[in-house]
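Here is the structure we will look at, set down as C-alpha coordinates.
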Amino acid sequence: MLELDNVWKSFETKQGMKQVLRGANARIRRGEHVGILGRNGAGKSTLLKIIAGVERPTVGKVRCTMRMSWPLGGSFGIQTSLTGAANARFIARVYGTPVRETEEFVEDFSELGHYFREPVKTYSSGMTSRLMMALSFSVDFDCYLVDETLSTGDARFADKCRAVFDMRRANAGILMVSHNPLHVKKYCNSAAILRNGMLEFYEDVDEAITAYQGL
Amino acid sequence: MIIGDVPRRADSSQVATQLRVIGALFMRELLTRFGTSRVGFIWLLAEPMFLALMISTMHWASGHGVGNNLPTFLFYAMGYTPFVMFRSIVNRGQNVINANMSLLFHRNITLLDLAIARNLMEAAVCSMIITLFVTVAAVFFDEWPHEPALLFCGLMMSALLAHGLSMLLAALTCFYEPLERFTHPLTYLMMPISATFYMLSMLPSESRDLLLINPLVHVHEMNRWAQFGDRVVPYYSIPYVLCWILGLNLLGMAGLRAARSRITMME
(Lines give C-alpha, C1' and ligand atoms only; values in the text may rest on other atoms or scores of the structure.)
Protein backbone atom coordinates (compact mmCIF):
# COMPACT_ATOMS: atom_id res chain seq x y z
CA MET A 1 0.00 0.00 0.00
CA LEU A 2 1.19 3.47 -0.90
CA GLU A 3 -0.53 6.54 0.47
CA LEU A 4 0.10 10.18 -0.31
CA ASP A 5 -1.52 12.44 2.20
CA ASN A 6 -1.77 16.11 1.19
CA VAL A 7 1.68 16.27 -0.40
CA TRP A 8 3.11 19.69 -1.25
CA LYS A 9 6.44 20.40 -2.83
CA SER A 10 8.02 23.74 -3.54
CA PHE A 11 11.38 24.66 -4.99
CA GLU A 12 13.53 27.71 -4.63
CA THR A 13 14.14 29.29 -8.02
CA LYS A 14 15.75 32.54 -9.10
CA GLN A 15 12.26 34.05 -9.34
CA GLY A 16 11.22 33.01 -5.84
CA MET A 17 9.45 29.89 -4.65
CA LYS A 18 7.78 27.65 -7.20
CA GLN A 19 4.95 25.39 -6.05
CA VAL A 20 5.07 22.13 -7.98
CA LEU A 21 2.72 19.96 -5.96
CA ARG A 22 -0.20 21.51 -4.08
CA GLY A 23 -1.85 18.85 -2.01
CA ALA A 24 -1.62 15.60 -3.98
CA ASN A 25 -3.51 12.63 -2.50
CA ALA A 26 -3.33 9.02 -3.64
CA ARG A 27 -3.84 5.46 -2.48
CA ILE A 28 -2.30 2.68 -4.51
CA ARG A 29 -2.58 -0.97 -3.59
CA ARG A 30 -0.08 -3.74 -4.16
CA GLY A 31 -0.09 -5.08 -7.71
CA GLU A 32 -2.04 -2.17 -9.22
CA HIS A 33 -0.94 -0.76 -12.56
CA VAL A 34 -1.51 2.96 -12.42
CA GLY A 35 -0.69 5.59 -14.99
CA ILE A 36 -0.30 9.26 -14.17
CA LEU A 37 -0.79 11.63 -17.07
CA GLY A 38 0.53 15.15 -17.07
CA ARG A 39 1.78 17.80 -19.44
CA ASN A 40 5.45 18.74 -19.56
CA GLY A 41 6.37 20.56 -16.38
CA ALA A 42 3.28 19.38 -14.50
CA GLY A 43 5.51 17.90 -11.79
CA LYS A 44 5.42 14.23 -12.84
CA SER A 45 9.08 13.52 -12.16
CA THR A 46 8.98 15.39 -8.86
CA LEU A 47 5.98 13.29 -7.82
CA LEU A 48 7.80 10.11 -8.79
CA LYS A 49 10.89 11.06 -6.80
CA ILE A 50 8.77 11.79 -3.74
CA ILE A 51 6.95 8.46 -4.09
CA ALA A 52 10.32 6.71 -4.47
CA GLY A 53 11.39 8.29 -1.19
CA VAL A 54 14.42 10.03 -2.66
CA GLU A 55 13.03 13.53 -2.22
CA ARG A 56 11.08 14.78 0.76
CA PRO A 57 7.76 16.58 0.44
CA THR A 58 7.74 20.16 1.76
CA VAL A 59 4.41 19.46 3.49
CA GLY A 60 2.44 16.23 3.84
CA LYS A 61 3.12 12.54 4.35
CA VAL A 62 4.06 9.55 2.24
CA ARG A 63 3.27 6.17 3.75
CA CYS A 64 4.56 3.14 1.98
CA THR A 65 4.60 -0.53 2.89
CA MET A 66 5.73 -1.77 -0.53
CA ARG A 67 9.25 -2.09 -1.78
CA MET A 68 9.49 0.61 -4.41
CA SER A 69 11.99 0.66 -7.23
CA TRP A 70 14.07 3.74 -7.81
CA PRO A 71 12.56 6.10 -10.43
CA LEU A 72 13.26 4.41 -13.76
CA GLY A 73 13.98 6.94 -16.46
CA GLY A 74 16.83 8.58 -18.35
CA SER A 75 19.92 7.14 -16.73
CA PHE A 76 18.70 7.63 -13.15
CA GLY A 77 20.69 5.58 -10.73
CA ILE A 78 23.06 4.26 -13.39
CA GLN A 79 26.72 5.21 -13.30
CA THR A 80 27.66 6.07 -16.82
CA SER A 81 31.41 5.85 -16.33
CA LEU A 82 31.10 2.19 -15.33
CA THR A 83 30.27 -0.81 -17.50
CA GLY A 84 26.85 -2.45 -17.58
CA ALA A 85 28.32 -5.39 -15.68
CA ALA A 86 29.79 -3.16 -12.95
CA ASN A 87 26.41 -1.45 -12.63
CA ALA A 88 24.71 -4.83 -12.24
CA ARG A 89 27.11 -5.82 -9.47
CA PHE A 90 26.61 -2.44 -7.81
CA ILE A 91 22.82 -2.82 -7.84
CA ALA A 92 23.15 -6.34 -6.46
CA ARG A 93 25.28 -5.11 -3.57
CA VAL A 94 23.11 -2.10 -2.81
CA TYR A 95 19.85 -4.08 -2.83
CA GLY A 96 21.28 -7.28 -1.40
CA THR A 97 20.63 -9.71 -4.25
CA PRO A 98 23.18 -12.43 -5.03
CA VAL A 99 25.88 -10.75 -7.10
CA ARG A 100 26.66 -13.39 -9.74
CA GLU A 101 23.07 -14.38 -10.30
CA THR A 102 22.10 -10.72 -10.72
CA GLU A 103 24.90 -10.06 -13.19
CA GLU A 104 23.82 -13.07 -15.27
CA PHE A 105 20.19 -12.03 -15.17
CA VAL A 106 20.96 -8.48 -16.29
CA GLU A 107 23.30 -9.64 -19.06
CA ASP A 108 20.66 -12.05 -20.27
CA PHE A 109 17.71 -9.71 -20.06
CA SER A 110 19.29 -6.54 -21.43
CA GLU A 111 20.54 -8.24 -24.62
CA LEU A 112 23.43 -5.82 -24.84
CA GLY A 113 25.92 -8.35 -26.20
CA HIS A 114 29.52 -7.25 -25.86
CA TYR A 115 28.39 -3.74 -24.88
CA PHE A 116 27.51 -5.18 -21.48
CA ARG A 117 31.23 -4.96 -20.69
CA GLU A 118 31.64 -1.43 -22.09
CA PRO A 119 31.08 1.84 -20.16
CA VAL A 120 27.45 2.94 -20.16
CA LYS A 121 28.38 6.35 -21.58
CA THR A 122 29.07 4.65 -24.92
CA TYR A 123 25.47 3.32 -25.07
CA SER A 124 22.64 4.70 -27.17
CA SER A 125 19.58 5.87 -25.25
CA GLY A 126 17.71 2.70 -26.23
CA MET A 127 20.52 0.55 -24.87
CA THR A 128 20.66 2.57 -21.65
CA SER A 129 16.96 2.06 -21.08
CA ARG A 130 17.29 -1.67 -21.77
CA LEU A 131 20.01 -1.84 -19.12
CA MET A 132 17.84 0.23 -16.79
CA MET A 133 14.86 -2.12 -17.08
CA ALA A 134 17.08 -5.19 -16.76
CA LEU A 135 18.68 -3.75 -13.60
CA SER A 136 15.33 -2.94 -12.07
CA PHE A 137 13.84 -6.35 -12.92
CA SER A 138 16.81 -8.03 -11.27
CA VAL A 139 15.50 -6.88 -7.89
CA ASP A 140 12.17 -8.17 -6.55
CA PHE A 141 10.44 -4.81 -6.14
CA ASP A 142 6.72 -4.67 -5.31
CA CYS A 143 6.18 -1.57 -7.38
CA TYR A 144 8.09 -0.26 -10.36
CA LEU A 145 8.17 3.50 -10.75
CA VAL A 146 8.49 4.24 -14.43
CA ASP A 147 9.28 7.65 -15.90
CA GLU A 148 8.36 7.19 -19.58
CA THR A 149 11.36 4.98 -20.08
CA LEU A 150 9.69 1.96 -21.62
CA SER A 151 9.02 3.99 -24.72
CA THR A 152 12.68 4.35 -25.66
CA GLY A 153 13.45 0.67 -26.23
CA ASP A 154 12.27 -0.89 -29.49
CA ALA A 155 8.86 -2.55 -29.78
CA ARG A 156 10.16 -6.06 -29.14
CA PHE A 157 11.92 -5.04 -25.94
CA ALA A 158 8.84 -3.13 -24.76
CA ASP A 159 6.83 -6.34 -25.27
CA LYS A 160 9.38 -8.21 -23.19
CA CYS A 161 9.00 -5.69 -20.36
CA ARG A 162 5.24 -6.08 -20.57
CA ALA A 163 5.60 -9.83 -20.41
CA VAL A 164 7.58 -9.46 -17.17
CA PHE A 165 4.95 -7.20 -15.68
CA ASP A 166 2.22 -9.63 -16.72
CA MET A 167 4.10 -12.55 -15.24
CA ARG A 168 4.68 -10.76 -11.96
CA ARG A 169 1.25 -9.16 -11.91
CA ALA A 170 0.31 -10.97 -8.72
CA ASN A 171 2.94 -9.23 -6.62
CA ALA A 172 4.44 -6.42 -8.67
CA GLY A 173 2.68 -3.26 -9.75
CA ILE A 174 3.61 -0.32 -11.92
CA LEU A 175 3.26 3.34 -11.31
CA MET A 176 4.00 5.11 -14.54
CA VAL A 177 4.14 8.81 -15.25
CA SER A 178 3.87 9.92 -18.84
CA HIS A 179 2.67 12.68 -21.09
CA ASN A 180 1.76 10.08 -23.68
CA PRO A 181 -1.72 8.47 -23.29
CA LEU A 182 -0.65 5.52 -25.49
CA HIS A 183 1.96 4.35 -23.00
CA VAL A 184 -0.48 4.55 -20.14
CA LYS A 185 -3.06 2.61 -22.11
CA LYS A 186 -0.53 -0.08 -22.93
CA TYR A 187 0.62 -0.80 -19.37
CA CYS A 188 -2.02 0.44 -16.92
CA ASN A 189 -5.47 -0.52 -15.61
CA SER A 190 -6.33 2.77 -14.00
CA ALA A 191 -5.10 6.30 -14.44
CA ALA A 192 -4.87 9.70 -12.87
CA ILE A 193 -4.19 13.17 -14.19
CA LEU A 194 -1.68 15.45 -12.54
CA ARG A 195 -2.91 19.00 -12.96
CA ASN A 196 -2.25 22.17 -10.98
CA GLY A 197 -0.15 20.12 -8.58
CA MET A 198 -3.04 17.82 -7.67
CA LEU A 199 -4.04 14.29 -8.67
CA GLU A 200 -7.43 13.35 -10.14
CA PHE A 201 -8.04 9.61 -10.24
CA TYR A 202 -10.18 7.80 -12.81
CA GLU A 203 -11.37 4.21 -12.54
CA ASP A 204 -11.14 3.76 -16.26
CA VAL A 205 -8.06 4.50 -18.36
CA ASP A 206 -10.05 5.61 -21.40
CA GLU A 207 -12.03 8.03 -19.30
CA ALA A 208 -8.80 9.54 -17.98
CA ILE A 209 -7.35 9.79 -21.47
CA THR A 210 -10.44 11.58 -22.75
CA ALA A 211 -10.29 14.02 -19.85
CA TYR A 212 -6.54 14.50 -20.41
CA GLN A 213 -6.95 15.21 -24.10
CA GLY A 214 -9.64 17.72 -23.28
CA LEU A 215 -7.18 19.78 -21.20
CA MET B 1 16.73 -18.30 -17.07
CA ILE B 2 13.02 -17.60 -17.26
CA ILE B 3 12.36 -13.87 -17.35
CA GLY B 4 9.80 -14.07 -14.57
CA ASP B 5 12.39 -15.63 -12.33
CA VAL B 6 14.15 -12.95 -10.32
CA PRO B 7 17.14 -13.10 -8.01
CA ARG B 8 15.50 -12.85 -4.57
CA ARG B 9 17.05 -10.82 -1.84
CA ALA B 10 17.49 -12.10 1.64
CA ASP B 11 16.09 -10.05 4.52
CA SER B 12 18.78 -8.24 6.42
CA SER B 13 18.94 -5.93 9.39
CA GLN B 14 19.26 -2.15 9.11
CA VAL B 15 22.91 -2.16 10.15
CA ALA B 16 23.79 -5.03 7.82
CA THR B 17 22.10 -3.20 4.93
CA GLN B 18 23.99 0.00 5.66
CA LEU B 19 27.30 -1.83 5.86
CA ARG B 20 26.55 -3.60 2.59
CA VAL B 21 25.70 -0.29 0.91
CA ILE B 22 28.91 1.31 2.15
CA GLY B 23 30.79 -1.73 0.86
CA ALA B 24 29.18 -1.36 -2.57
CA LEU B 25 30.00 2.36 -2.65
CA PHE B 26 33.58 1.66 -1.61
CA MET B 27 34.02 -0.83 -4.46
CA ARG B 28 32.59 1.70 -6.86
CA GLU B 29 34.84 4.45 -5.55
CA LEU B 30 37.79 2.13 -6.16
CA LEU B 31 36.68 1.53 -9.74
CA THR B 32 35.98 5.15 -10.62
CA ARG B 33 39.11 6.42 -8.91
CA PHE B 34 41.68 3.98 -10.28
CA GLY B 35 39.85 2.04 -12.96
CA THR B 36 40.51 4.53 -15.71
CA SER B 37 43.83 6.15 -14.85
CA ARG B 38 46.56 5.69 -12.30
CA VAL B 39 47.90 9.22 -12.60
CA GLY B 40 46.01 10.29 -9.49
CA PHE B 41 47.69 7.60 -7.44
CA ILE B 42 51.17 8.44 -8.73
CA TRP B 43 50.62 12.10 -7.97
CA LEU B 44 49.59 11.34 -4.38
CA LEU B 45 52.86 9.47 -4.01
CA ALA B 46 55.06 11.86 -5.94
CA GLU B 47 53.88 15.15 -4.50
CA PRO B 48 54.91 14.71 -0.84
CA MET B 49 58.09 12.96 -1.95
CA PHE B 50 58.99 15.83 -4.24
CA LEU B 51 58.26 18.42 -1.61
CA ALA B 52 60.20 16.63 1.11
CA LEU B 53 63.07 16.20 -1.31
CA MET B 54 63.09 19.90 -2.21
CA ILE B 55 63.09 21.11 1.37
CA SER B 56 65.68 18.63 2.55
CA THR B 57 67.90 19.62 -0.39
CA MET B 58 67.56 23.25 0.65
CA HIS B 59 68.53 22.29 4.18
CA TRP B 60 71.48 20.29 2.96
CA ALA B 61 72.61 23.17 0.72
CA SER B 62 72.36 25.69 3.55
CA GLY B 63 74.52 23.40 5.65
CA HIS B 64 72.38 22.65 8.68
CA GLY B 65 69.92 19.83 9.34
CA VAL B 66 66.95 19.67 11.68
CA GLY B 67 69.15 18.87 14.66
CA ASN B 68 69.11 16.05 17.17
CA ASN B 69 70.36 13.67 14.52
CA LEU B 70 66.95 13.60 12.83
CA PRO B 71 66.90 12.40 9.22
CA THR B 72 66.02 15.50 7.23
CA PHE B 73 64.13 13.86 4.37
CA LEU B 74 62.04 11.62 6.59
CA PHE B 75 61.34 14.51 8.95
CA TYR B 76 59.65 16.51 6.20
CA ALA B 77 58.03 13.52 4.53
CA MET B 78 56.56 12.43 7.87
CA GLY B 79 55.26 15.89 8.53
CA TYR B 80 53.77 16.41 5.12
CA THR B 81 52.13 13.08 4.17
CA PRO B 82 49.57 13.05 7.01
CA PHE B 83 48.70 16.58 6.04
CA VAL B 84 48.28 15.47 2.42
CA MET B 85 45.80 12.91 3.67
CA PHE B 86 43.87 15.55 5.60
CA ARG B 87 43.87 17.88 2.62
CA SER B 88 42.79 15.36 0.01
CA ILE B 89 40.01 13.97 2.20
CA VAL B 90 38.67 17.47 2.78
CA ASN B 91 38.97 18.48 -0.86
CA ARG B 92 37.45 15.32 -2.29
CA GLY B 93 34.93 14.79 0.48
CA GLN B 94 33.55 18.28 0.16
CA ASN B 95 32.44 17.45 -3.37
CA VAL B 96 30.69 14.26 -2.31
CA ILE B 97 27.14 15.38 -3.09
CA ASN B 98 27.70 16.74 -6.58
CA ALA B 99 29.88 13.83 -7.61
CA ASN B 100 27.34 11.23 -6.52
CA MET B 101 24.03 12.86 -7.37
CA SER B 102 22.88 9.97 -9.57
CA LEU B 103 23.38 7.49 -6.72
CA LEU B 104 20.84 9.28 -4.56
CA PHE B 105 18.13 7.78 -6.76
CA HIS B 106 18.57 4.62 -4.71
CA ARG B 107 16.69 5.30 -1.53
CA ASN B 108 18.86 3.21 0.75
CA ILE B 109 21.96 5.22 -0.13
CA THR B 110 22.29 8.11 2.29
CA LEU B 111 24.62 11.09 2.15
CA LEU B 112 26.44 9.70 5.16
CA ASP B 113 27.08 6.41 3.32
CA LEU B 114 28.48 8.34 0.38
CA ALA B 115 30.73 10.44 2.61
CA ILE B 116 31.98 7.42 4.57
CA ALA B 117 32.76 5.41 1.42
CA ARG B 118 34.51 8.28 -0.31
CA ASN B 119 36.60 9.35 2.67
CA LEU B 120 37.41 5.79 3.68
CA MET B 121 38.78 5.21 0.20
CA GLU B 122 40.90 8.34 0.37
CA ALA B 123 42.16 7.49 3.86
CA ALA B 124 43.05 3.97 2.73
CA VAL B 125 45.00 5.25 -0.26
CA CYS B 126 46.89 7.86 1.75
CA SER B 127 47.62 5.44 4.59
CA MET B 128 49.13 3.07 2.06
CA ILE B 129 51.45 5.80 0.88
CA ILE B 130 52.46 6.74 4.41
CA THR B 131 53.06 3.08 5.24
CA LEU B 132 55.30 2.93 2.18
CA PHE B 133 57.32 5.90 3.44
CA VAL B 134 57.67 4.44 6.91
CA THR B 135 58.63 1.03 5.56
CA VAL B 136 61.28 2.48 3.25
CA ALA B 137 62.66 4.51 6.16
CA ALA B 138 62.77 1.44 8.38
CA VAL B 139 64.27 -0.96 5.88
CA PHE B 140 66.76 1.28 4.10
CA PHE B 141 67.64 3.91 6.69
CA ASP B 142 67.09 1.89 9.85
CA GLU B 143 64.56 4.46 11.14
CA TRP B 144 62.02 2.22 12.85
CA PRO B 145 58.94 4.00 14.21
CA HIS B 146 59.18 4.50 17.97
CA GLU B 147 55.47 3.77 18.62
CA PRO B 148 53.86 2.26 15.50
CA ALA B 149 50.43 1.91 17.16
CA LEU B 150 50.40 5.57 18.13
CA LEU B 151 51.41 6.54 14.61
CA PHE B 152 48.46 4.54 13.31
CA CYS B 153 46.16 6.31 15.79
CA GLY B 154 47.54 9.64 14.62
CA LEU B 155 46.66 8.82 11.03
CA MET B 156 43.17 7.71 12.03
CA MET B 157 42.69 10.94 13.95
CA SER B 158 43.72 13.09 11.05
CA ALA B 159 41.38 11.10 8.77
CA LEU B 160 38.50 11.48 11.21
CA LEU B 161 39.10 15.23 11.58
CA ALA B 162 39.09 15.54 7.80
CA HIS B 163 35.97 13.34 7.54
CA GLY B 164 34.03 15.57 9.92
CA LEU B 165 35.21 18.77 8.29
CA SER B 166 34.49 17.51 4.78
CA MET B 167 30.93 16.53 5.72
CA LEU B 168 30.39 19.91 7.30
CA LEU B 169 31.74 21.71 4.22
CA ALA B 170 29.71 19.50 1.86
CA ALA B 171 26.55 20.36 3.80
CA LEU B 172 27.32 24.07 4.00
CA THR B 173 27.97 24.15 0.25
CA CYS B 174 24.34 23.06 -0.25
CA PHE B 175 23.22 26.15 1.61
CA TYR B 176 25.79 28.53 0.15
CA GLU B 177 27.31 27.39 -3.11
CA PRO B 178 30.25 29.85 -3.46
CA LEU B 179 31.78 28.20 -0.40
CA GLU B 180 33.09 25.55 -2.77
CA ARG B 181 35.72 28.01 -4.01
CA PHE B 182 37.09 28.59 -0.52
CA THR B 183 37.92 25.01 0.35
CA HIS B 184 41.13 24.82 -1.65
CA PRO B 185 42.58 28.07 -0.30
CA LEU B 186 41.46 27.03 3.18
CA THR B 187 43.39 23.77 3.04
CA TYR B 188 46.44 25.54 1.68
CA LEU B 189 46.33 28.16 4.41
CA MET B 190 46.08 25.37 6.95
CA MET B 191 49.54 24.14 5.96
CA PRO B 192 51.73 26.77 7.64
CA ILE B 193 49.68 26.69 10.85
CA SER B 194 49.59 22.91 11.22
CA ALA B 195 53.16 22.21 12.34
CA THR B 196 53.90 20.25 9.20
CA PHE B 197 57.41 21.58 8.55
CA TYR B 198 58.52 22.56 12.02
CA MET B 199 58.17 21.42 15.59
CA LEU B 200 56.45 23.37 18.34
CA SER B 201 59.59 23.00 20.44
CA MET B 202 61.34 25.30 17.94
CA LEU B 203 58.87 28.11 18.65
CA PRO B 204 58.44 30.66 21.47
CA SER B 205 55.78 29.65 23.95
CA GLU B 206 53.25 32.35 22.94
CA SER B 207 53.02 31.14 19.34
CA ARG B 208 53.06 27.57 20.62
CA ASP B 209 49.93 28.16 22.68
CA LEU B 210 48.24 29.86 19.76
CA LEU B 211 49.04 27.03 17.36
CA LEU B 212 47.81 24.43 19.81
CA ILE B 213 44.26 25.64 19.17
CA ASN B 214 44.51 23.80 15.85
CA PRO B 215 43.84 20.09 16.46
CA LEU B 216 45.98 19.12 13.48
CA VAL B 217 49.03 20.52 15.27
CA HIS B 218 48.45 18.01 18.07
CA VAL B 219 48.14 15.18 15.56
CA HIS B 220 51.32 16.12 13.72
CA GLU B 221 53.31 16.55 16.92
CA MET B 222 52.07 13.18 18.10
CA ASN B 223 52.97 11.52 14.79
CA ARG B 224 56.47 12.90 15.00
CA TRP B 225 56.98 11.59 18.50
CA ALA B 226 55.51 8.24 17.45
CA GLN B 227 58.08 8.07 14.66
CA PHE B 228 61.21 9.62 16.17
CA GLY B 229 60.70 9.04 19.88
CA ASP B 230 62.63 11.09 22.40
CA ARG B 231 64.72 12.91 19.80
CA VAL B 232 61.78 15.34 19.63
CA VAL B 233 59.86 17.13 22.37
CA PRO B 234 56.18 16.85 21.44
CA TYR B 235 53.25 18.98 22.54
CA TYR B 236 49.91 17.25 22.21
CA SER B 237 46.73 16.27 23.99
CA ILE B 238 44.73 13.31 22.72
CA PRO B 239 41.47 14.25 24.54
CA TYR B 240 41.59 17.69 22.89
CA VAL B 241 41.79 16.10 19.44
CA LEU B 242 39.02 13.63 20.28
CA CYS B 243 36.76 16.54 21.29
CA TRP B 244 37.36 18.16 17.91
CA ILE B 245 36.70 14.87 16.11
CA LEU B 246 33.45 14.39 17.99
CA GLY B 247 32.34 17.98 17.43
CA LEU B 248 33.18 18.10 13.72
CA ASN B 249 31.61 14.72 13.03
CA LEU B 250 28.39 15.49 14.87
CA LEU B 251 28.11 18.85 13.13
CA GLY B 252 28.94 17.22 9.80
CA MET B 253 26.31 14.51 10.17
CA ALA B 254 23.68 17.01 11.31
CA GLY B 255 24.63 19.22 8.35
CA LEU B 256 24.24 16.39 5.84
CA ARG B 257 20.87 15.55 7.34
CA ALA B 258 19.72 19.13 6.99
CA ALA B 259 21.12 19.39 3.48
CA ARG B 260 19.35 16.25 2.23
CA SER B 261 15.95 17.89 1.85
CA ARG B 262 17.48 20.78 -0.08
CA ILE B 263 18.96 18.61 -2.78
CA THR B 264 17.05 18.56 -6.02
CA MET B 265 18.12 15.69 -8.18
CA MET B 266 18.84 16.33 -11.82
CA GLU B 267 20.54 14.14 -14.34
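Report the FRET efficiency, 1/(1 + (r/R0)^6), for B:Ser205 and B:Leu246, where r is their Cβ-Cβ distance and R0 is 25 Å, rounded to 0.05.
After rounding to 0.05, the efficiency reads 0.35.
Would you mind calculating the gained length between B:Met156 and B:Trp43 on full extension (0.36 nm times residue separation, minus the Cα-Cα distance), in nm to one decimal?
Gain on stretching B:Met156 to B:Trp43: 38.5 nm.
Step through the residues of segment B:146-152 one at a time and calculate ³J(HN,Hα) from phi using the Karplus curve (6.51 cos²θ - 1.76 cosθ + 1.60, θ = phi - 60°), rounding each to whole Hz and writing x for Gly and Pro.
Karplus-based 3J(HN,Hα) across segment B:146-152 equals 5, 9, x, 5, 5, 4, 4 Hz.
Seen from all sides and averaged, what is the projected area of the convex hull of the Cα atoms in segment A:53-139, in nm²?
Computing the convex hull of the Cα atoms and averaging its projections yields 6.2 nm².
Angle, helix A:125-137 long axis vs. longest principal axis of chain A, Cα atoms, 0 to 90°, nearest 10?
90
So what is the 222 nm mean residue ellipticity for the protein assembly as shown from helices alone, if each DSSP H run of at least 4 adds -39500 (n - 2.57) and you divide by all residues, rounding to the nearest 500 deg cm²/dmol?
-17500 deg cm²/dmol, from helical runs alone.
Would you mind counting up the charge near B:Phe26? Only other residues with Cβ under 15 Å from its Cβ, with Lys and Arg at +1 and Asp and Glu at -1.
+4
Quick check: the angle from helix B:39-62's long axis to the longest principal axis of chain B, C-alpha only, nearest 10 degrees?
The helix B:39-62 is inclined about 10 degrees to chain B.
What area, in nm² and to one decimal, does the C-alpha convex hull of segment B:217-261 cast on average over all directions?
Answer in nm², one decimal: 3.6.
In whole Å, what are the Cα extents of segment B:128-267 along the three principal axes, biggest one first?
So the extents along the principal axes, rounded to whole Å, are 55, 37, 26.
Hey, what's the protein assembly as shown come to in accessible area per residue, 1.4 Å probe, Å²?
Averaged over the residues of the protein assembly as shown, the accessible area is 46 Å².
Working only with C-alpha atoms, what are the Rg and Dmax values of chain B, expressed in angstrom?
Expressed in Å, the Cα Rg and Dmax of chain B come to 20.8, 77.
Taking every DSSP beta bridge that has both residues in the protein assembly as shown, what percent is antiparallel when rounded to the nearest 5?
55
Write down the radius of gyration of the protein assembly as shown and its Dmax, each obtained from C-alpha positions, in Å.
Considering the protein assembly as shown through its Cα atoms, Rg and Dmax are 27.3, 91 Å.
Over all residues in B:105-114, what is the mean tally of Cβ atoms on other chains that come within 10 Å of each residue's Cβ?
5
Take segment B:42-162, drop everything but the C-alpha atoms, weight them equally and run the Debye formula without solvent; then report log10 I(q)/I(0) at 0.14, 0.15, 0.16, 0.18 Å⁻¹ to two decimals.
So the normalised log intensities are -0.67, -0.74, -0.81, -0.96.
Which positions within segment B:226-267 get 50 Å² or more of their accessible surface covered by the other protein chains, compared to the chain by itself, with a 1.4 angstrom probe?
When all protein chains are present, B:Arg260, B:Met265, B:Glu267 each give up 50 Å² or more of accessible surface.
Can you give the extra length, in nm with one decimal, that the chain gains between B:Thr135 and B:Asn108 once fully stretched, where that is 0.36 nm per residue apart less the Cα-Cα distance?
Result: 5.7 nm gained on full extension.
Can you give the Rg and Dmax of segment B:135-205 based on its C-alpha atoms, in angstrom?
Computed over the Cα atoms of segment B:135-205, radius of gyration and Dmax are 17.1, 51 Å.
If you count the DSSP beta bridges with both ends in segment A:76-215, what percent of them are antiparallel, to the nearest 5?
In segment A:76-215, approximately 55 percent of DSSP beta bridges are antiparallel ones.
Roughly speaking, to the nearest percent, how much of chain A's 1.4 Å accessible area is carbon and sulfur?
It is 48 percent, rounded to a whole number.
Averaged over A:5-17, how many beta carbons belonging to a partner chain fall within 10 Å of each residue's beta carbon?
0
If I take all pairs of Cα atoms in chain A, what percentage of them are more than 23 Å from each other?
46
Provide a whole-number value for the mean count of partner chain Cβ atoms within 10 Å of the Cβ atoms in peptide A:54-63.
Mean shielding count: 2.
Taking the Cα atoms only, what angle lies between the long axis of helix A:155-167 and the longest principal axis of chain A, rounded to 10 degrees?
With both axes taken from Cα atoms, the answer is about 80 degrees.
Any idea what the relative contact order of segment B:50-186 is, in percent, if you count C-alpha pairs under 8 Å spaced at least 6 apart?
Contact order relative to length: 32 percent.
Tell me, what is the Rg over Rh of segment A:90-209, with Rh the Kirkwood radius over Cα pairs?
1.01
Ballpark to the nearest 100 Å², how much total accessible area do A and B bury together, probe 1.4 Å?
The summed interface area works out to 3400 Å².
The values are calculated or read from the model by the stated rules, or taken from the named source; none is laboratory data. Everything quoted here is computed from the prediction, not taken from an experiment. Note that each Cβ is placed from the backbone with ideal geometry, even for glycine, and that neighbours are counted across all protein chains shown. Calculation scope for accessible area: heavy atoms of the full protein, side chains included, ligands and nucleic acids excluded. Shrake-Rupley method; radii C 1.70, N 1.55, O 1.52, S 1.80 Å.
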